[in-house]
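Contents: one structure, followed by commentary.
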Amino acid sequence: MALGFVRRHPLATAGILVGAVGIAGSRVESRLDPAGWNPPEPPAMTGPLNSNRSLTGRETVVECEGPEDVAFDDEGRLYTGTEDGAVVRTTEPVDDGTTNAELEPFADTGGRALGMEFDGENLLVAAEGAGLLSIDSAGEVTTLSDSADGRDIVFADDLYVADDDTVYFTDATVHELFQDELFELQDTGRLLAYHPDSGETTVELADLGFANGVCPHEDSESLLITETSRYRITRYYTEGDRAGESEVFAENLPGYPDNIEVAGDGDHWVAIPSLRDSTLDGLHRVPWVKRQLGKFPEAVLEQVSGDAYGLVLRLDSTGDIVESLHDPTGGVFGVTSATPHDGALYLGSLFGYRVVRCPLE
């Protein structure tokens with residue numbers, strides 16, 4: 001979670017570009033120090049990326065504001081976060097026929113709950129503005145980590161609990177406004193590890209372009225981390241002869257990758273909240289224009305949007321796209337998580353208002 005690129009109140013990116021040129025002579029100081037980048041042309045939407053309607057018309061499981069990610073307890077109740085920082089859960093277990101389930105408050109994170117995963121009875125949450133949290137069955141919140149290597153954890157985003165109980169989690173950016181990271185491209189994201197025995201948090205991998213989702217690879221020796229601003233997925237080795245090394249796992253994706261989950265058979269589900277935008281790709285080639293964007297009030301960049309489009313990718317163990325699920329109508333849009341549970345994918349959306357279910361055949 002983490003994050004998407006679709007907003008409920010869109011502002012045309014072309015209009016921002018014109019405004020940036022117009023403000024170039026302003027004496028206002030820019031908050032951005034942008035890097036230049038020449039991104040590759042996005043892949044053609046053919047073959048496994050062919051448009052379809054696999055996500056169109058899917059049923060609403062719960063309604064709430066900004067359900068970035070979901071998790072299920074042993075009873076089958078669904079948990080998710082909301083825009084106001086709360087964690088809520090369904091009052092009853094969720095099954096393949098559940099629609100518009102009733103929700104009840106569970107906890108208040110003091111930030112915004114993004115990625116979440118159960119570790120025994122406790123729900124672990126990566127919360128923007130709060131860090132790595134543990135929430136017990138009574139809803140009591142404990143902060144496990146809020147800094148690493150002398151730097152505050154500003155944007156805790158997603159997490160994975162390894163077999164040895166190490167909690168790997170992402171700190172997406174130093175910026176409170178995530179759009180600043182996407183425009184600046186200074187790659188300030190990190191993969192962190194919380195070690196419960198010592199209570200220490202270590203930096204495993206730095207210089208990531210908006211470090212977002214994280215999950216294990218089938219080899220049990222490496223993790224996959226989505227880099228949203230760079231349209232790619234990085235593989236980081238935690239065990240074996242290559243421990244501490246990293247490499248590109250998948251690149252030049254058709255959109256902004258968000259959360260990533262194990263799909264089985266060595267495959268992975270990757271949520272794509274928005275397709276790439278040609279105007280934004282063009283901006284990366286002219287960093288002086290991006291610098292002007294940093295003179296706008298934050299509220300302006302918060303309204304940057306892409307077209308409403310639903311997309312989830314399935315990647316194999318080598319990083320190749322083998323399947324894609326679409327909603328070109330935009331009824332399902334801004335998908336930030338695709339969580340497998342009991343034969344279906346449960347789709348969250350940081351900027352949407354519902355969790356939807358997509359049955360898997």
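The values are calculated or read from the model by the stated rules, or taken from the named source; none is laboratory data. Here the structure is a predicted model, which is why all the values come from computation and not from measurement. Every residue, glycine among them, receives a Cβ derived from its backbone with ideal geometry; neighbour counts consider all protein chains shown.
Filtered by the rule that a residue be among the small types (Gly, Ala, Ser), within 26 Å of residue 218 (Cα to Cα) and part of a strand (DSSP E or B), region 303-338 gives 324, 337, 338.
Here is a check on your reading of the model: is residue 225 closer than 18 Å to residue 273 by Cα, touching a Lys or Arg at 6+ places or on another chain (Cβ under 9 Å), part of a strand (DSSP E or B) and at pLDDT 95 or above? Walk me through how you get there before you give the answer.
On the way: closer than 18 Å to residue 273 by Cα: yes; touching a Lys or Arg at 6+ places or on another chain (Cβ under 9 Å): yes; part of a strand (DSSP E or B): yes; at pLDDT 95 or above: yes.
Here the answer is yes, as residue 225 does meet what is asked.
Would you check if residue 252 is at pLDDT 95 or above, touching a strand residue (DSSP E or B) at 6+ places or on another chain (Cβ under 8 Å) and assigned to a loop (DSSP other than H, G, I, E, B)? Yes: the conditions hold for residue 252.
Do we find that residue 345 is hydrophobic (A, V, I, L, M, F, W, C), more than 14 Å from residue 51 (Cα to Cα), in a strand (DSSP E or B) and touching a Phe, Trp or Tyr at 6+ places or on another chain (Cβ under 9 Å) in this structure? When the stated conditions are applied, residue 345 passes them.
Being hydroxyl-bearing (Ser, Thr, Tyr), modelled with pLDDT of 95 or more, more than 25 Å from residue 68 (Cα to Cα) and touching a Leu at 6+ places or on another chain (Cβ under 9 Å) is true of residue 246.
Considering the conditions (1) in contact with a Phe, Trp or Tyr (Cβ under 9 Å, 6 or more places away or on another chain); (2) in contact (Cβ under 8 Å) with a residue 40 or more places away in the chain; (3) surrounded by fewer than 18 Cβ atoms within 10 Å (Cβ to Cβ), residue 96 is excluded by exactly one of them, (1). I need the full set of residues from region 1-58 which are of a type in the set (Gly, Ala, Ser), at pLDDT 80 or above and more than 24 Å from residue 178 (Cα to Cα), in order please. Answer for region 1-58, where residues must be of a type in the set (Gly, Ala, Ser), at pLDDT 80 or above and more than 24 Å from residue 178 (Cα to Cα): 44, 47, 51, 54, 57. Checked against (1) surrounded by fewer than 22 Cβ atoms within 10 Å (Cβ to Cβ); (2) of a type in the set (S, T, N, Q); (3) farther than 14 Å from residue 354 by Cα, residue 109 meets all criteria but (1). For region 314-361, a tally of residues being surrounded by 22 or more Cβ atoms within 10 Å (Cβ to Cβ) and of a type in the set (Asp, Glu) returns 1.
For region 73-93, enumerate the residues that are loosely packed, with under 15 Cβ neighbours inside 10 Å and within 21 Å of the chain's Cα centre (by Cα). 84 - this is the single residue of region 73-93 that is loosely packed, with under 15 Cβ neighbours inside 10 Å and within 21 Å of the chain's Cα centre (by Cα).
Once region 129-167 is narrowed to residues that are among the small types (Gly, Ala, Ser) and under 15 Å from residue 117 (Cα atoms), the residue that is nearest to the chain's Cα centre (by Cα) is 156.
Of note, residue 283 satisfies the criterion of being modelled with pLDDT under 95, crowded, with 16+ Cβ neighbours inside 10 Å and at negative phi.
Would you mind listing the strands (runs of 3 or more DSSP E) fully within region 125-174 where at least 1 residues are of a type in the set (D, E, K, R) and surrounded by 22 or more Cβ atoms within 10 Å (Cβ to Cβ)?
Working: elements: 131-135, 141-145, 156-161, 167-171.
Output list reads 156-161, 167-171.
Return the only residue of 256, 237 being buried (at least 24 other Cβ atoms within 10 Å of the Cβ) and at negative phi. Even if it seems obvious, please write down each step before you answer.
Values: 237 fails: buried (at least 24 other Cβ atoms within 10 Å of the Cβ).
Just one listed residue meets the conditions, 256.
Among the conditions (1) within 13 Å of residue 185 (Cβ to Cβ); (2) without any contact (Cβ under 8 Å) to a residue 40 or more places away in the chain; (3) charged (D, E, K, R), residue 265 misses just one, which is (1).
Of all the listed residues (167, 174), the sole one being in contact (Cβ under 8 Å) with a residue 24 or more places away in the chain, in contact with a strand residue (DSSP E or B) (Cβ under 8 Å, 6 or more places away or on another chain), among the aliphatic types (A, V, I, L, M) and on the phi < 0 side of the Ramachandran plot is 167. Has region 192-215 got any residue that is crowded, with 22+ Cβ neighbours inside 10 Å and in a helix (DSSP H, G or I)? No: region 192-215 contains no residue that is crowded, with 22+ Cβ neighbours inside 10 Å and in a helix (DSSP H, G or I). Residues in region 260-277: is at least one more than 30 Å from residue 218 (Cβ to Cβ) and touching a helix residue (DSSP H, G or I) at 6+ places or on another chain (Cβ under 6 Å)? Yes - at least one qualifying residue is present in region 260-277.
Could you check, for region 258-266, whether at least one of its residues is modelled with pLDDT under 95 and not hydrophobic (A, V, I, L, M, F, W, C)?
Pass one, region 258-266, residues modelled with pLDDT under 95: 264-265.
Next, only the ones that are not hydrophobic (A, V, I, L, M, F, W, C) stay: 264-265.
The answer is yes; a qualifying residue exists.
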